[in-house]
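Here the structure is laid out as structure tokens; the discussion comes afterwards.
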Amino acid sequence: APPPAMLAFDAPRRASCQVKRERTNTPLQALILLNGPQFVEAARVLGERLWEESGGDVARMVMEGFRACLGRDASAEEAGICARMFAEQRAYYLNHLGEAKKLLAVGQATRSSQAAEVEVAAAAVLMQALMTHDATVVKY
């Protein structure tokens, strides 16, 4: 039997052959993508890497995040929304440093940089949003 998380994403059982998988988008899938430790850790590591590579340039980080997750460039509107989201998350984590530390502690991968916890946590939340985007999860 496939792992429980894969069942939520309609992974077929190996007892029978399935020519084509159904495409679904359910609230349970969103909960797994937002709360599953492996997905939180992946968003954290990706956010940290993109924050480092962009040198703290939020616009560049958003573009690279879109390319990594969605395989395309962000529109001007999407880039603006993501930049605002990053700023809001950064402001939140500035006032709730303990929450940032908890987010950064999820998973087994160690932090690879000395970047500020607040920025990395905000970048991780931004990457979670991109990783749960329908175009990332469902490939057409």
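The values are calculated or read from the model by the stated rules, or taken from the named source; none is laboratory data. Quick caveat, the model's predicted, so the values are computed rather than measured. FYI the Cβ positions are ideal-geometry reconstructions off the backbone, even for glycines, and counts take in every protein chain you see. In case anyone asks, the SASA skips ligands and DNA or RNA and just uses the protein heavy atoms, side chains included. Shrake-Rupley method; radii C 1.70, N 1.55, O 1.52, S 1.80 Å.
Which three extents, in angstrom, do the Cα atoms of the stretch 66-140 have along their principal axes, listed largest first?
38, 27, 18
Express the carbon and sulfur contribution to the solvent-accessible surface of the chain as a percent, rounded to the nearest whole number, probe 1.4 angstrom.
56
Through the Karplus equation 6.51 cos²θ - 1.76 cosθ + 1.60, θ set to phi - 60°, convert the phi angles of the stretch 94-100 into ³J(HN,Hα) values in whole Hz; use x for Gly and Pro.
After applying 6.51 cos²θ - 1.76 cosθ + 1.60, I find 4, 8, 9, 4, x, 5, 4 Hz.
Sorted by mean Cβ packing within 10 Å, highest first, what order do the peptides 95-103, 83-91 take?
Going from most to least packed, we get 83-91, 95-103.
For the stretch 88-132, rounded, prolate or oblate, judged on the Cα gyration tensor with a ≥ b ≥ c (square roots of eigenvalues), a/c < 1.5 rounded, else prolate if a/b > b/c?
oblate
Quick one: which of 46-53, 71-78, 34-41 comes out on top by average Cβ neighbours within 10 Å, and what's the full order, highest first?
Packing order, densest peptide first, comes out as 46-53, 34-41, 71-78.
Taking the Cβ of G56 as the center, what net charge do the other residues with Cβ under 15 Å away carry, scoring Lys and Arg +1 and Asp and Glu -1?
Taking every other residue near G56 into account, the sum is -4.
Per residue, how many Å² of accessible area does the chain show with a 1.4 Å probe?
Result: 60 Å² of accessible area for each residue.
What per residue convex hull volume, in Å³, do the alpha-carbon atoms of the chain yield?
Convex hull volume per residue, Cα atoms: 121 Å³.
With each run of n ≥ 4 DSSP H residues scored as -39500 (n - 2.57), what mean residue ellipticity at 222 nm is computed for the chain after dividing by its residue count and rounding to the nearest 500 deg cm²/dmol?
-20000 deg cm²/dmol
To the nearest 10 degrees, how steeply does helix 117-131 sit against the main Cα axis of the chain, on a 0 to 90 scale?
The helix 117-131 is inclined about 30 degrees to the chain.
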